[in-house]
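So the structure is just underneath, and the comments pick up after that.
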Amino acid sequence: TPRTCTTCRGLGVVSRSQGGFALSEPCRDCLGKGTVIDSPCPDCLGTGRREREQRIRIPPGVADGQRLRVRGRGSPGERGGQAGDLEVTVHVLAHPVFDREGQNLTITLPVTFVEAALGASVKVPTLDGTPLTVKIPSGTSSGRRLRVRERGVPRGSGGHGDLIVTVDVTVPKPSDLSPKARTALQEFAHAHPEDPRTTLMEQMEG
């Protein structure tokens, strides 16, 4: 049970003289409250407040660093005052497969040289676990970005962002090439002689 502080007599402030002036300052015994609790509650230490966990709902499509506010779930006010709000800063953990650009999801898709040259239909993972078939146009170069509409992160205003697929053409290592595959590549080089650096050299000479 709180009792009146004997030092400040319940005023919460004490006066002291300094150089002919009377100065008031908060009472150090009751910390300006005017009352003292001799045997404080072991849970709240006499403050009347204690911490507890609060389950909150994370909205779909939340961004890293976004702040959520829960009304009335902050610290209670002093002496029965209105409670404040609980503010939560969201930190979105990195995904092992997907990255984000706003509400768009991005993924790097490895394809073989043959798939990039001749075109192919390949499966791409999605967030909901259902693979999605994406068509790789013939002649696709490494770094090309393909867009799949409405397969990204949900938007707060409705709908979804897009899934951006970046094509990464893989080149086999020499140790992975069989003699037959090596011969086939050499035959391709003879059948399709091409110098992709011709334009670069012409620009330098110009």
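The values are calculated or read from the model by the stated rules, or taken from the named source; none is laboratory data. It should be emphasised that the depicted structure is a prediction, and the values quoted were computed from it without experimental measurement. Quick reminder, even Gly has a Cβ in these numbers, built from the backbone with ideal geometry, and neighbours come from all protein chains shown.
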Query raised in the report: Going through segment 85-116 one residue at a time, which ones are closer than 28 Å to ARG50 by Cα and either outside any loop (DSSP other than H, G, I, E, B) or touching a helix residue (DSSP H, G or I) at 6+ places or on another chain (Cβ under 6 Å) (or both)?
Result: LEU86, GLU87, VAL88, THR89
Query raised in the report: For ALA22, all conditions in the list (1) of a type in the set (A, V, I, L, M); (2) within 30 Å of PHE98 (Cβ to Cβ); (3) surrounded by fewer than 11 Cβ atoms within 10 Å (Cβ to Cβ) hold save one; what is the number of the exception?
Result: (2)
Query raised in the report: Of (1) under 30 Å from VAL70 (Cβ atoms); (2) modelled with pLDDT of 95 or more, ARG100 satisfies all except one. Which?
Result: (2)
**Report entry** Selection within segment 33-55 - without any contact (Cβ under 8 Å) to a residue 12 or more places away in the chain and at negative phi
**Finding:** SER39, PRO40, CYS41, PRO42, ASP43, CYS44, THR47, ARG50, GLU51, ARG52, GLU53, ARG55
Query raised in the report: Among the residues of segment 131-151, is there at least one that is of a type in the set (Val, Ile, Thr), loosely packed, with under 13 Cβ neighbours inside 10 Å and assigned by TED's automatic domain parsing to the domain that holds ALA184?
Result: yes
Query raised in the report: If you go through segment 57-84, how many residues are assigned to a loop (DSSP other than H, G, I, E, B) and either of a type in the set (Phe, Trp, Tyr) or exposed (fewer than 13 other Cβ atoms within 10 Å of the Cβ) (or both)?
Result: 12
Report task. Give ARG182, ARG197, ARG149 a once-over and let me know the one that is under 30 Å from ALA94 (Cβ atoms) and among the charged types (D, E, K, R). Result -> ARG149
Query raised in the report: Within segment 12-25, which residues are within 50 Å of the chain's Cα centre (by Cα) and over 16 Å from GLU78 (Cα atoms)?
Result: VAL13, SER24, GLU25
Query raised in the report: Does any residue in segment 131-144 that is within 13 Å of ILE107 (Cβ to Cβ) come within less than 7 Å, Cβ to Cβ, of a residue that is basic (Lys, Arg) and surrounded by 15 or more Cβ atoms within 10 Å (Cβ to Cβ) six or more places away or on a different chain, and which pairs are these?
Result: LEU132/ARG151
Query raised in the report: Which condition number does CYS30 fail, the rest of (1) free of Cβ contacts under 8 Å to residues at least 12 places away in the same chain; (2) over 23 Å from THR89 (Cα atoms); (3) part of a loop (DSSP other than H, G, I, E, B) being met?
Result: (1)
Requested in this report: Scan the strands (runs of 3 or more DSSP E) fully inside segment 117-206 and keep the ones with 1 or more residues being polar (S, T, N, Q).
Outcome: 120-124, 132-136, 163-169
**Report entry** Residue check, VAL167 surrounded by 11 or more Cβ atoms within 10 Å (Cβ to Cβ), more than 30 Å from ALA184 (Cα to Cα), in contact (Cβ under 8 Å) with a residue 12 or more places away in the chain and not assigned by TED's automatic domain parsing to the domain that holds VAL70
**Finding:** no
